[in-house]
Amino acid sequence: MNISGISVSTRPEWVESVAQSLSAIKGVEVHAADVRAGKLVVTLEAPTVSAEVEGFKRIRALPHVVAADLVQHYFEEDGEIIHAIPDDLDTLEGVSVPDALKDH
Amino acid sequence: MQLSRREFIKSSIAASTAGVVGLPVSRLAAAAAAELEKDWKWDKAVCRFCGTGCGIQIATHQGRIVATKGDPDAPVNRGLNCIKGYFNGKIMYGKDRLTQPLMRLKDGKFDKKGQFVPVTWEQAFDEMERQFRKTYAAQGPNGVAMFGSGQWTIHEGYAMNKLFKAGFRSNNLDPNARNCMASAVAAFYSVFGTDEPAGNYDDIEYTDTMVLWGANMAEMHPILWSRITDRRLAHANCRVVNLTTFRNMSSDIADLEIVFKPNTDLAIQNYIAREIIARDAVNKPFVEKNCVFATGPYDIGYGMRATDKYAYPAEKDTQAKEVKVKLDKWEAIAQRRKEGDVVEQKNTADPARHWMISFEDFKQGVEPYTLDFVAELAKGDPDESLDIFKNKLRQLADLYIDPKRKVVSFWTMGFNQHQRGTWVNEQCYMNHLLLGKQSMPGNGAFSLTGQPSACGTAREVGTFSHRLPADRLIPNPQHRAETEGYWKIPAKTLNPKVGSFYAKILRDLEDGSVKWAWVQVNNPWHTHPNANHWIRAAREQDNFIIVSEAYPGISAKVADLILPSAMIYEKWGGYGNAERRTQQWRQQVPPPGQARGDLWQTLEFAKRFKLKDFWGAQKVPGLKADGFADNTLPDVMADAQKLGYSPEDSLYKALFATPENLKVKWPDAVAKGHDNHIATLLGDGWFPEKAFWIEYQQFGKGKGKDLADFDVYHADKVRGLKWPVVNGKEVAWRFNEQYDPYVTKGAGIEFYGKLFKAIPTGNLDGVTDPAPKSLAGKAKIFFRPYAAPAEQPDASYNLWLCTGRVLEHWHSGTMTRRVPELHRAVPAAVMWIHPTDAEARGLKRNDLVWIESRRGKVKVRVETGGRNKMVKGTVYVPFFDEGVFINRVTLDTTCPISKESDYKKCAVKVYKA
Ligand code: SF4
């Protein structure tokens, strides 16, 4: 089990509409919103870290979301296989070997 | 029951989140938070992943990490983390984590063609030592090499730097930061005479104009991006400009988006300089008091090999540009020469030399960069009208020049990974200095970094082949002598010959001049361009490659020996971020299995050698320096004995477990109950990280690089400190009297950096008076011309390929990519291409294609949509995608001055697979 607290920013005029689209995402709950500051507090729950990251990306890709930042991340033993950090997360470490290399 | 527990955790996490965001928290939720966390132990640490250097808090329970959060007290991120923050607590627990040494064996003995088999640490070190001695005996200090890292902790980098340079007397140690930061460093040296930025992240809240030069901060620096968007949204007058070669996420909030062609950022900056002069906007009092003008040679090549001996047949025409360049129309105008002139590249050996020129010369240099010329050259989107583009350039100049505006320019890889990376960095300072908008809150050119300790470890500790700690340089006799003093080693122990830079170590492996190489915390065979060469060199040449790793990446797979490393929070460490902030953390959890910290590996290896193995005379072909016999390092053993050393002393004893260091005891109260697996394993009662810190501190003291005491960084209320830390106070803006005690009283602004501050005088064409003239206290405003890319699209390879690091592509989610069957059928990695370019090649979205350059080809899937909108003529493939090894295709040109690779441009063709 993975649960994260995420801060979402948008322009004040979009807070309400963003809150609606957030609630429509599986595992997302909106806990608080501040229209003037253009900020929303949400939690995201997913069975694995990878699914958690997917959910996060989904939030970030919503129309009118200008920033989504992770505040707290809680996890319990989930038996998930994390081969390494996913490669699209900008890291020099821990990638598995691409097929392309195997003919050598 | 379960549900209620979940709800309970959720409301507790929502409470923490609301607290950070500044929204009210209900009392019930606050109580839930307290209850959930009652058995956890929280401690501060630093994020593992990028140069922003966010503070995090880590909760451990029963030897494992259970939660992480953005540190609300960290001034960098104020409680926030980006998406990568998820992995801080998780990366240690992957299934394929390496937990014991693996060596290629056949019939129980090391064999280059053998299979990886688990071995003991003892066996691993035995073979490492045997191979080391063999190579060292045959080839001396030049024959061995180290690939270091901007992800090394400061202490790890410091120890390896000392082992190589003082112990092995080899300068063949270079970090992967070479490929991310070196151009920034070269420009800091040439312009200011000292490395690293004047400003800090608070510039974001002080400024009203932010210009992003080829830096997709929305994806690369998300936390800084949040600060930028907050600033933009809260201030109607604030403006954000995004200069880029294709439309990316940072454009979402930008007020002005300028899409330009590769390398033409050089021309755009000269256009701005020309406008500053034409509009009589030069800040004359600032420039006259604080600056001089300078330039250098143009014919400096592209950092490739000088010979085509190792080039594949198809590569030879590109390689030939290293020797001769035929000027195209644009270069001819930009360099005031004739189109079609063939220019021999005469200054490849000393591309960094430069000299002072007059303001009139400078003005003449930028004169050709008119709006008409630059717009026609630089316009990157064929679908945009020239008039609109011109208008945008004019707006950009307006924003810089407006006397009422403060301006911060940000850049990262777009400038640094550039065939003229040093020049384009220098040009950014050029405009800020001309306008006097530098080293003040909200005003300044700000070079950001990618890796978490590119600044702290690679640059400050000087783990480069030409550097020593705290802005000292290998070729400088005084700097070597000072270093020998701090290290208490005999004079002339240090090798005065600059070692091989990152790309050159790979070339050395290819031509056999290096035969033993060790890699820590980086992945050269994955990340270095033109990879086919290097993979062949590693697998098919007679050499020995050791890779210290946590997970089996490409470099581990091509290695001969894999050493399992402890990861970030399994050891004590410290990183330095892009705003000069040094942060340290304690070990939080133990490393799994046989995994051990890189520092332990370094120290254990040092135990295997004696001083007499290295401190006698050594052959170093090519060594030529004052006070040294040619090609030779002197025997320093007699002097060493006078200092109390014995030839039989181990390197461990002589360099690391010194009498002073042994006095720094482990355990130590600063640990507050946290363990130190390295101190425990060494077992001789000292605290290596703290001892090295004390040693290292000496280098910067009184030199503008002062660091605080070890325990200070670990104090509860400290969240890192920006050096120089003088009398316990950090420095927010360097070179500015108001903030920086190193500035002479009454000077206001003083660029006090000491390097390259006496240079010859000349004009745009060369030196006229070779006598060095001092420019102490001043910065240099460089004229640097536009230069065309070494390889450009032509009839056979008709598209630009740009590569980069992060890309949001959730169509090909991480989950699906983990399923092997799916993976094989459809490679997850994609190539972004403009729909019209795709159509012209009979391609549609999801088609499999080959992308091929003169150097190699890979298969990818076509993507025509998404957030990154390609302009016609350019395709984009991300680097770090396991499905597509794009570095088989990329070109290994470098900035000739900084030796940093240019991943951003080469020519390719694309066709159906
Ligand atoms: S911005 Fe960088 S330092 Fe901050 S959380 Fe993200 S990866 Fe870590």
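Pairs from the table (B:LYS261/B:LYS404; B:LYS316/B:LYS363; B:LYS363/B:LYS729; B:LYS642/B:LYS757; B:LYS437/B:LYS722; B:LYS84/B:LYS497) lying more than 32 angstrom apart at Cα are B:LYS316/B:LYS363; B:LYS363/B:LYS729; B:LYS642/B:LYS757; B:LYS84/B:LYS497. Pairwise Cα separations in segment B:423-528 fall into 5 Å bins from 0 onward with the following percentages, short to long: 2, 9, 13, 15, 16, 16, 13, 8, 4, 2, 0. Find how many whole Å separate the alpha carbon centroid of segment B:78-106 from the alpha carbon centroid of segment B:684-719. Using only Cα atoms to place each centre, the spacing works out to 27 Å. Interface burial in segment B:78-117 reaches 40 Å² or more for B:LEU80, B:ASN81, B:ILE83, B:LYS84, B:TYR86, B:PHE87, B:LYS90, B:LYS95, B:ASP96, comparing the full protein assembly with the chain by itself; accessible area from heavy atoms with a 1.4 Å probe. Ignoring aspartates and glutamates fewer than eight residues from B:LYS665 along the same chain, the ones with Cα atoms less than 14 angstrom from its Cα are B:ASP675, B:ASP684, B:GLU689, B:ASP711.
Between B:ARG130 and B:ALA795, the modelled labels are 5.7 nm apart [label points 7 Å from Cα along Cα→Cβ]. Within chain B, the cysteines lacking any other cysteine Cβ closer than 4.7 Å to their own Cβ are B:CYS50, B:CYS82, B:CYS180, B:CYS238, B:CYS291, B:CYS428, B:CYS455, B:CYS802, B:CYS895, B:CYS906.
Measuring against 29 Å, Cα to Cα, the residue pairs B:LYS113/B:LYS899; B:LYS134/B:LYS653; B:LYS346/B:LYS899 contain B:LYS113/B:LYS899 as the ones spanning a longer distance.
Remark: the B:ALA137-B:ASN727 segment gains 207.5 nm on full extension, using 0.36 nm per residue and subtracting the alpha carbon distance. Please calculate the 1.4 Å probe accessible area of B:TRP600, with all protein chains present, and give it to the nearest 10 Å². Result for B:TRP600: roughly 20 Å² accessible.
Per residue of B:67-75, other chain Cβ atoms within 10 Å of the residue Cβ number 3 on average. Heavy-atom surface analysis with a 1.4 Å probe gives segment B:309-452 a carbon and sulfur content of 52 percent of its accessible area.
Magnitude of the Cβ-charge dipole of the protein assembly as shown, K/R +1 and D/E -1, about the Cα centre, nearest 20 debye? In total the dipole reaches around 800 debye. When Rg and Dmax are taken over the Cα atoms of segment B:650-732, they come to 14.2, 43 Å.
Between B:GLU376 and B:LYS754, the contour length at 0.36 nm per residue exceeds the Cα-Cα span by 132.0 nm. The calculated FRET efficiency for the pair B:HIS235 and B:ARG337, based on their C-beta separation and a Förster distance of 60 Å, comes to about 0.85. For chain B, the per residue solvent-accessible surface stands at 33 Å², with DNA, RNA and ligands left out and a 1.4 Å probe. For segment B:327-366 versus segment B:123-198, the spacing of their alpha-carbon centroids is 34 Å.
Every Cα-Cα pair in segment B:119-215 was counted, and those over 21 Å apart are 57% of them. Overall, the ratio between the Cα radius of gyration of chain B and 2.2 N^0.38 Å, rounded to two decimals, is 0.92. Taking the square roots of five times each eigenvalue of the Cα gyration tensor of the protein assembly as shown, the equivalent ellipsoid has semi-axes of 38, 37, 30 Å, listed largest first. B:LYS363 contributes about 80 Å² of solvent-accessible surface, heavy atoms of the protein only, 1.4 Å probe. Accessible surface ranking for B:LYS497, B:LYS624, 1.4 angstrom probe, highest first: B:LYS624, B:LYS497. Using a Förster distance of 45 angstrom, determine the FRET efficiency expected from the C-beta separation of B:TRP42 and B:LYS745, and round it to 0.05. It comes out at approximately 0.55. Expressed to the nearest 5 percent, the antiparallel share of DSSP beta bridges inside chain B is 55 percent. Of the residues B:THR894, B:GLY365, B:ASN161, the one whose Cα sits farthest towards the positive end of the charge dipole of chain B is B:ASN161 (charges of +1 on Lys and Arg Cβ, -1 on Asp and Glu Cβ, taken about the Cα centre). Model label sites at B:LYS665 and B:ASP716, defined 7 Å from Cα along the beta-carbon direction, differ in position by 2.5 nm.
Look at the stretch A:38-47: the mean tally of other chain Cβ atoms within 10 Å of its residues' Cβ atoms is 4. Using the Cβ-Cβ distance between A:LYS26 and B:ARG64 with R0 set to 22 Å, the FRET efficiency works out to roughly 0.20.
Here B:ARG596 sits with roughly 40 square angstrom of accessible surface, probe radius 1.4 Å. With the simple model of a label 7 Å out from the Cα in the direction of the Cβ, B:LYS612 to B:LYS642 spans 2.1 nm. Taken residue by residue and averaged, Cβ atoms of other chains lying within 10 Å of the Cβ of B:6-16 number 6.
The values are calculated or read from the model by the stated rules, or taken from the named source; none is laboratory data. These numbers come from a predicted model, not from an experiment. Cβ: placed from backbone, ideal geometry, glycine included. Neighbour counts: every protein chain shown. Quick note on the areas: whole protein, heavy atoms, side chains included, nothing else; ligands and nucleic acids left out. Shrake-Rupley method; radii C 1.70, N 1.55, O 1.52, S 1.80 Å.
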